[in-house]
Amino acid sequence: MVDLTVDLGKFKIANPVMTASGTFGYGFEYKDYYDLRELGAVVVKGIAVKPSHGNPTPRVAEVAGGMLNAIGLQGPGVDKFLHGAEYMPFLRQSGATVIVNIWGKSIEEYCEVAARLDAESEGIAALEINISCPNVKEGGIAFGTDLKLAHKVVSEIRKVTSLPLITKLSPNVTCIADFARAVAAAGSDMVSLINTLTGMAINIETRRSYIANITGGLSGPAIKPVAVRMVYEVARAVEIPVIGMGGIMTGEDAVEFLLAGADAVAVGTAIFVDPYAPLKVIKGIQEYLERHGCKSVGEIVGAMEKP
Amino acid sequence: MKTGEIVSNRVLQDEYYEVKFYAPEICRKTRAGQFVHVKIENLKDRILRRPFSISDVSGDGVLTVVYKRVGKGTEALSTLPAGTVCNLLGPLGNPYSPPDNEEFPVIVAGGYGSAATYLIAKNSPGKGILLLGARSKNDLILIDKFTAAGFEVRTSTDDGSQGHKGFVTELVDRVIEENKDKKIRFYACGPTPMLLALAKMLQDRGCNDAELSLDHLMCCGVGACFACVVKVRADNEDGWRYARTCKEGPVFKASEVYTGE
C-alpha cells in the first residue's frame with residue numbers, strides 16, 4: 001500500500017494534489033461533484049480586503065494547448081469570504097484542508113487581509129500570497145517581479161500572522177530561483193509555482209485582442225515544460241517545500257513535477273476540462289508509485305536521474 | 001448505448017445542425033433553459049468544453065442540441081458521426097420558471113435563441129406566441145416545432161426576407177396591446193445586444209418578471225472561473241456587479257439585468 005500523505009513541514013496533506021487558485025472557485029462550486037476531503041488541499045480564489053469587480057469582458061480566450069485569462073481577481077472581499085455561507089463557513093464544514101490565496105494593491109492591504117484571516121483562522125491550513133497575478137494593474141505581479149518588493153511584502157505579512165505562508169511565484173521573471181530565495185529569507189514557509197505566463201492573442205479580422213485586458217495569463221498543457229524547468233530550478237535553490245503547477249492534466253504530468261523536485265502539485269486548467277481531473281491525477285500518481293515499487297510520495301521527490 | 005453517445009448529427013438547415021446524444025440521466029433532470037457542457041472529442045489542440053443550450057429531451061433519454069457552425073468547436077462537432085461518445089456535464093445553470101395555467105407565455109428569440117426556449121413552449125400548459133428574429137430567412141429555425149407545440153410564430157428579419165423587416169423587439173408592443181386581457185409572461189434568449197435592448201424595454205413596461213437567458217464566453221461551466229460574467233443590478237455604489245452566467249444564470253429576471261454603460 002502506497003502512503004500518499006505529504007508532510008509540508010507546517011502541516012500535512014492527505015495526498016500531494018491541490019487545486020490551483022482561481023480554477024476551483026471557493027470549493028463550493030464543486031461540492032456536488034465529490035467530497036472535498038479527497039483533495040490534498042483546496043486553494044481558494046484570491047481574497048482581498050474589499051470586494052472587487054474584476055476585469056471587463058471578454059476575460060478568456062482559448063489558444064493552442066491552453067487558454068489565456070484576465071479575470072482580474074473578481075472576489076467577495078474578506079468579510080464576505082469569512083462569513084458568507086458559500087465561502088469559509090461551507091469550507092469549514094466540508095472538512096477540506098483549506099489554503100486561502102490572498103492579494104492586495106499595497107503592502108498594507110496584503111497585511112490587512114492576512115491579519116483578518118489570522119484572527120478567524122479556524123479551518124485555514126495556510127495562506128498563499130499571490131504576488132504573481134499578471135492581470136491587475138496595481139499589486140499582484142508588481143510585487144512578484146521586483147526582488148526587494150517580494151521580500152518586503154512577505155516579511156511584513158510574516159509579522160501579522162502565524163499561519164503557514166506559501167508564496168506563489170511569477171514565471172514572468174529572468175531568474176525565478178532568486179525570487180524563491182528572497183521570499184524564503186523573508187519567512188515564507190513554502191513556495192508555489194508557476195502562476196500564468198503573460199500572453200496575448202489577436203483576432204486578425206477585427207484586429208482586436210481576444211481579451212479586453214489586451215494581455216492575459218497563459219495556462220494549460222502549453223506551459224508545462226516551462227513550469228517543470230522552473231520547479232527544477234527552485235527546488236535546487238531553496239530548502240523549503242515546493243508546490244509545483246502549470247499544465248498538469250494527468251498523473252504522469254504530476255509525476256514529472258515531483259521528479260523535478262516538487263513536494264506537492266496543483267491542478268488548475270485541467271479542472272475546467274474535467275471537474276474530476278484532480279482525483280484522476282491522485283490516482284495516476286498512486287499507480288505510478290505502485291508500478292515503481294515506491295512506498296511513499298517522498299521517494300520520488302527530486303528523484304530525477306542525471307542525464 | 002453509452003451515456004454521451006451521439007445518436008444522430010445532421011444538418012437542420014443551412015449552417016444549423018441538430019445533434020442528439022443518449023443521456024438519460026441528464027434528460028431526466030433537465031428543465032427549460034438549462035445547458036449541457038460538451039467535451040468535443042476531435043478538437044486537437046483545443047481542450048476546453050463547449051456549452052450548448054438543451055433544445056429538447058425525450059422520455060427515452062435522447063437529448064437534442066441545435067447549434068450553428070460558427071467556430072472551431074462547432075465545426076469539429078459537425079463532423080462527429082453517430083456512435084461517437086462525448087463527455088457531457090449537465091444539466092447546468094438555472095432554468096426558466098415555467099408558465100403557470102394563468103399565464104400567457106410570449107417567447108422572444110433571436111437567431112438560435114429559439115433552440116434554448118423550445119422546452120418552455122413544449123411544456124407550457126397553455127398556448128403562447130414566439131417572436132423570432134434573425135438576420136435572414138435561412139436563420140429562422142425551429143418554427144415548425146413551436147407551431148407543433150401550439151404556439152403562434154411571428155418572425156422578423158434584418159433583410160426583410162421573411163416577416164417584419166427590422167428587429168424582433170419591434171414586435172413586442174403589438175403583442176402586449178393585443179393581449180391586454182391576459183397575464184403575459186415574457187421569456188427571451190438571443191444575442192446580447194438584443195437582450196439588453198429587450199430588458200430595457202420590458203423594464204420600462206413593468207414586465208419585471210420576464211426572464212432572459214444571457215451568456216458570455218464560458219469556461220468551467222460551474223461557477224469556478226468567473227469568465228462568463230455579465231453585469232447585473234446590485235445594491236452597491238456602482239449599481240452593478242458581475243454575475244456568472246453559468247452558475248447565477250443563464251436565466252435572469254428582466255429587473256436584474258443592468259442596461260447602463
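Among the helices (runs of 4 or more DSSP H) contained in region B:22-123, which hold 1 or more residues that are away from chain A (no Cβ under 14 Å) and under 30 Å from B:Leu202 (Cβ atoms)?
Passing ranges, in order: B:113-123.
I need the full set of residues from region B:1-10 which are without any contact (Cβ under 8 Å) to a residue 40 or more places away in the chain and in a strand (DSSP E or B), in order please.
Within region B:1-10, B:Arg10 is the sole residue that qualifies.
It is to be established whether one or more residues within region A:232-242 are of a type in the set (Gly, Ala, Ser), surrounded by fewer than 21 Cβ atoms within 10 Å (Cβ to Cβ), within 19 Å of A:Ile300 (Cα to Cα) and more than 14 Å from every other protein chain (Cβ to nearest Cβ).
The answer is yes, given that some residue of region A:232-242 is of a type in the set (Gly, Ala, Ser), surrounded by fewer than 21 Cβ atoms within 10 Å (Cβ to Cβ), within 19 Å of A:Ile300 (Cα to Cα) and more than 14 Å from every other protein chain (Cβ to nearest Cβ).
Sort out for me the helices (runs of 4 or more DSSP H) sitting completely within region A:246-298 that have 3 or more residues that are at pLDDT 95 or above, more than 19 Å from the chain's Cα centre (by Cα) and among the aliphatic types (A, V, I, L, M).
Here the list is empty.
Could you say whether any residue in region A:87-109 is within 11 Å of another protein chain (Cβ to nearest Cβ) and on the phi < 0 side of the Ramachandran plot?
no
When you look at A:Ala41, is it over 16 Å from A:Gly251 (Cα atoms) and buried (at least 24 other Cβ atoms within 10 Å of the Cβ), yes or no?
yes
Would you check which residues across region B:232-260 are more than 17 Å from the chain's Cα centre (by Cα) and within 11 Å of chain A (Cβ to nearest Cβ) and list them?
B:Ala234, B:Asn236, B:Glu237, B:Asp238, B:Trp240, B:Arg241, B:Tyr242, B:Ala243
Counting only residues that are more than 7 Å from chain A (Cβ to nearest Cβ) and of a type outside the set (Lys, Arg), which one in region B:212-231 is nearest to A:Glu62 (Cα to Cα)?
Only one residue tops the list, namely B:Met218.
Given the criteria within 14 Å of chain B (Cβ to nearest Cβ), closer than 19 Å to A:Phe143 by Cβ and either buried (at least 24 other Cβ atoms within 10 Å of the Cβ) or touching a residue at least 24 places away in the same chain (Cβ under 8 Å) (or both), does A:Ser52 qualify?
Yes; evaluated as a whole, the condition is true for this residue.
Cβ contacts < 8 Å: first residue free of Cβ contacts under 8 Å to residues at least 40 places away in the same chain, restricted to region A:183-208; second residue among the charged types (D, E, K, R) and in a strand (DSSP E or B), any location; separation 6+ or different chain. Result?
A:Ile202/A:Arg208
Is it the case, given these coordinates, that A:Asp274 is more than 14 Å from chain B (Cβ to nearest Cβ) and among the acidic types (Asp, Glu)?
no
Can you find even one residue in region B:130-140 that is touching a strand residue (DSSP E or B) at 6+ places or on another chain (Cβ under 7 Å), of a type in the set (S, T, N, Q) and part of a loop (DSSP other than H, G, I, E, B)?
The answer is yes; a qualifying residue exists.
Kindly evaluate A:Val226 against the criterion of being farther than 19 Å from A:Leu39 by Cα, more than 14 Å from chain B (Cβ to nearest Cβ), within 19 Å of the chain's Cα centre (by Cα) and surrounded by fewer than 21 Cβ atoms within 10 Å (Cβ to Cβ).
Answer is yes for this residue.
Search region A:134-150 for residues being out of contact with any helix residue (DSSP H, G or I) (no Cβ under 6 Å at 6 or more places or on another chain) and part of a loop (DSSP other than H, G, I, E, B), and hand back the single one that is surrounded by the fewest Cβ atoms within 10 Å (Cβ to Cβ).
Among those residues, the one meeting the criterion is A:Glu138.
Which condition does A:Ile47 not pass, out of (1) buried (at least 24 other Cβ atoms within 10 Å of the Cβ); (2) away from chain B (no Cβ under 14 Å), if it passes all the others?
(2)
Collect the residues in region A:71-101 that are β-branched (Val, Ile, Thr), within 16 Å of A:Gly27 (Cβ to Cβ) and in contact with an Asp or Glu (Cβ under 9 Å, 6 or more places away or on another chain), keeping them in residue-number order.
A:Ile99, A:Val100
The values are calculated or read from the model by the stated rules, or taken from the named source; none is laboratory data. No experiment lies behind these values; they were computed from the predicted model shown. Reconstructed Cβ throughout: ideal geometry from the backbone, glycine too, with neighbour counts over all protein chains shown.
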